[in-house]
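**Student:** The structure's right below; bear with me while I get my questions together.
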Amino acid sequence: MRPSGTTTRKPRADAIRNRERVLEAAKAVFSAGGAEASLEAVARSAGVGIGTLYRHFPTREALFEAVYRREVQHLADLAEQYNLILLEDACQAHGADYFSERDGCWKRAGSMGMAAAFSFYPGKNLGACGEAGAVTTNDPELARKIRMLRDHGQIRKYYHEVEGYNGRLDAIQASILLIKLKYLDDWTLRRRKAASRYGELLDSPQHEIMLPYQPDWAQAVYHLFVVCVRNREQLMKQLSLAGIGTGIHYPIPLHLQRAYNHLGYSNGDFPVSERLSDEVLSLPMGPELTAAQQERVAEEVLKSVELRPQLCAAAAAG
Ligand SMILES: Cc1ncc(COP(=O)(O)O)c(C=O)c1O
């Protein structure tokens with residue numbers, strides 16, 4: 001804390017430049033090598049000494065957070081600068097919050113961009129009993145267009161202004177969602193509690209398992225609880241044998257989907273996405289998950305991860 005009575009001196013220009021350089025380099029290095037890339041590599045790439053890096057960012061977390069906090073903020077700035085439209089995919093984010101430095105307040109997912117898409121697919125945090133979804137926007141003209149599009153492009157019954165589609169939310173699904181909406185905040189709290197319990201149960205520097213990271217400017221709603229492990233297939237198998245269901249979200253990155261063959265991307269073009277699609281594993285998560293169930297999941301996960309070095313040693317000896 002700054003002692004009272006002192007004046008606020010502006011940091012010197014070279015210090016600001018160094019900080020900027022480190023942030024730019026960190027963005028590139030983390031993108032190429034993942035969050036565990038070495039800070040020495042970041043300092044080298046920024047052309048500053050490691051001491052300078054530590055002066056600006058005393059811990060890896062501080063640097064990581066500064067890089068990604070800027071990322072979110074930058075999206076809005078870039079959209080403004082290049083006259084782009086910022087759209088949110090909030091399909092897994094019902095009730096998630098983000099602190100906007102620019103506006104100095106917390107903002108709810110679905111309120112940042114010009115419009116946001118929410119999915120009410122049955123498995124979502126707020127799920128219908130069939131297909132359903134919604135778009136949020138503060139733009140009245142856009143709202144008018146979306147209402148029209150979802151209803152065969154009709155401006156009013158039988159008057160089709162544009163070609164639309166049949167995307168209305170049906171009344172039965174809407175009534176189910178209205179009832180479930182009352183419980184959403186409570187379910188979110190339970191998911192957050194479950195996430196923090198997993199954090200405690202699975203946290204250990206010896207284990208090769210990366211847990212979700214939540215910076216202090218975000219409040220996640222944990223639609224999924226995704227961990228990263230190098231021996232994912234083995235872990236999945238072990239959990240399945242123990243009767244524990246898991247999922248992979250998602251196994252094939254977008255650029256390698258056959259549907260996007262025509263874009264001409266191939267393996268190696270997005271190494272971070274490719275590595276993550278090999279390593280991510282979604283553990284059981286939901287508002288009804290009990291502490292005992294989580295303890296059993298954690299026990300099996302740790303058993304499997306701990307088995308790995310023994311298996312490697314056995315393989316080397318054999
Ligand atoms: C992030 C994200 N975007 C979009 C979608 C698509 O939602 P829907 O199946 O309701 O069209 C999903 C659903 O899994 C999602 O998780």
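**Student:** Taking 0.36 nm per residue of separation and subtracting the Cα-Cα distance, what length does fully extending SER273 through ASP139 add?
**Tutor:** 44.9 nm
**Student:** Continuing with the same structure: Tell me, what ³J(HN,Hα) does each residue in the range 239-250 have, in order and in whole Hz, if you take phi through Karplus 6.51 cos²θ - 1.76 cosθ + 1.60 with θ = phi - 60° and put x for Gly and Pro?
**Tutor:** 5, 5, 4, 8, x, 10, x, 9, x, 10, 10, 9
**Student:** Another question, then. To the nearest 0.05, what FRET efficiency results for GLU24 and ASP170 with a Förster distance of 45 Å applied to their C-beta separation?
**Tutor:** Between GLU24 and ASP170 the formula returns 0.35.
**Student:** Now a separate question. So which of LYS157/LYS180; LYS124/LYS182; LYS27/LYS124 end up more than 20 Å apart by C-alpha?
**Tutor:** LYS157/LYS180; LYS27/LYS124
**Student:** Ignoring everything except DSSP H segments at least 4 long, calculate the 222 nm mean residue ellipticity for the chain; use -39,500 (n - 2.57) per segment, divide by total residues, nearest 500.
**Tutor:** -15000 deg cm²/dmol
**Student:** Which trypsin sites (Lys or Arg not before Pro) from the range 39-129 combine a DSSP loop assignment with at most 12 other Cβ atoms within 10 Å?
**Tutor:** Taking the range 39-129 and a limit of 12 other Cβ atoms within 10 Å, the loop trypsin sites (Lys or Arg not before Pro) found are ARG102.
**Student:** For the chain, which longest stretch is free of loop sites, where a loop site is one of the chymotrypsin sites (Phe, Trp or Tyr not before Pro) that DSSP puts outside H, G, I, E and B and that has at most 15 other Cβ atoms within 10 Å?
**Tutor:** Counting only loop sites that pass the neighbour cut-off, the longest clear stretch is 1-81.
**Student:** Calculate how many DSSP beta bridges within the chain are antiparallel, expressed in % of all such bridges and rounded to the nearest 5.
**Tutor:** 90
**Student:** Return the FRET efficiency for the residue pair TYR82, TRP217: r is the Cβ-Cβ distance, R0 is 22 Å, and the value is rounded to the nearest 0.05.
**Tutor:** The computed FRET efficiency comes out at 0.35.
**Student:** Cut-off under 19 Å on the C-alpha distance; same-chain residues fewer than 8 positions from LYS303 excluded. Which lysines are left, in chain and number order?
**Tutor:** LYS237
Rule-based calculations on the coordinates, nothing more; no lab input. These figures come from a predicted structure and were not determined experimentally. Note that we place each Cβ from the backbone using ideal geometry, even for glycine, and neighbour counts take in every protein chain shown.
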